[in-house]
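One structure, as structure tokens, below. Some questions next.
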Amino acid sequence: MIIVIDPGHGGQDPGAISNQGLQEKKITLKIAKKLKKLLNSDKFFYGILTRNNDTYVSLKKRKNFLKNYHTNLLISIHADSSKKKYVSGPSIWIISKNRINREINNFIKNKKEKMYFPKKIQYILKYKKSISLKKTALNLQLNNFQEMEISLSNYIFQQFKKITKINKTQPNYASLEILSSINRPSILIETGFITNIKEEKKLKTIQYQNKIAHAIYIGLKNFFQKRCISNFEKKLKKHFN
Ligand SMILES: [Zn+2]
């Protein structure tokens, strides 16, 4: 599984800044690098970073990792902020259906854009003339992605629960540019609020950054293991029926 790890912000874009001056971009890079290490020490995964130092990378370039390479998933890492200082806890975001439908329509209209799709979809996009068929194929894929994103989020929340108090157990939907690629599933993880004094203190420490990265890694591992087993069981059933 090739996982694109996207450390939010960077360079001239610091992201959220806490009262004590802690910048989101620094936390996201540290957690992302740790996650990459964990993934790359596991034969099942290969992690790639959209940035590996404090530089500005446009959202378009970040999304190109999904469009131009054979990848399986994007995980964007962020840290949250709120005017309400008591708000705390991690959250996970996935793309709203409205936004992705708009992206699908744009893609079908603008035929020039190149993107990697699974073979079956590639075939329909290339050789079938019917626009509604193309839309249906992309919509079916979108439903699969959404199921996958929700399930994966649950696995990650299960791990977050072990290391911190969580206020959410389901992902939220949003119209976020980074999640708007129509050819790959993606999730955005807000690792905690840097505007909450207690959580900021934790997020600053290497130990907690390790714990967050580890929680995401175990969540990914559990999710993909379960998925492989159920795919295998399906194949077995087909074979013996
Ligand atoms: Zn952010």
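The values are calculated or read from the model by the stated rules, or taken from the named source; none is laboratory data. All of these numbers come straight from a predicted model, not from anything done at the bench. Methodologically, a virtual Cβ is constructed for each residue, glycine included, from the backbone with ideal geometry; neighbour enumeration extends over all protein chains shown.
If you check Lys126, Lys63, which single one turns out to be buried (at least 18 other Cβ atoms within 10 Å of the Cβ) and either in a helix (DSSP H, G or I) or among the hydrophobic types (A, V, I, L, M, F, W, C) (or both)?
Result: Lys63 is the single residue among Lys126, Lys63 that is buried (at least 18 other Cβ atoms within 10 Å of the Cβ) and either in a helix (DSSP H, G or I) or among the hydrophobic types (A, V, I, L, M, F, W, C) (or both).
Go through the stretch 169-208 and give me each residue that's outside any helix (DSSP H, G or I) and more than 22 Å from the chain's Cα centre (by Cα).
Answer for the stretch 169-208, where residues must be outside any helix (DSSP H, G or I) and more than 22 Å from the chain's Cα centre (by Cα): Thr195, Asn196, Thr205.
Please count how many residues of the stretch 13-36 are touching a residue at least 60 places away in the same chain (Cβ under 8 Å), away from the ligand (no atom under 12 Å from the Cβ) and in a loop (DSSP other than H, G, I, E, B).
Residues meeting the conditions: 4.
Does Arg51 count as in contact with a strand residue (DSSP E or B) (Cβ under 8 Å, 6 or more places away or on another chain), part of a loop (DSSP other than H, G, I, E, B) and either closer than 30 Å to Ile104 by Cβ or modelled with pLDDT under 95 (or both)?
Yes.
Shifting gears a bit: Are any of the residues in the stretch 76-99 assigned to a helix (DSSP H, G or I), modelled with pLDDT under 95, surrounded by fewer than 13 Cβ atoms within 10 Å (Cβ to Cβ) and among the charged types (D, E, K, R)?
No; the residues of the stretch 76-99 include none that is assigned to a helix (DSSP H, G or I), modelled with pLDDT under 95, surrounded by fewer than 13 Cβ atoms within 10 Å (Cβ to Cβ) and among the charged types (D, E, K, R).
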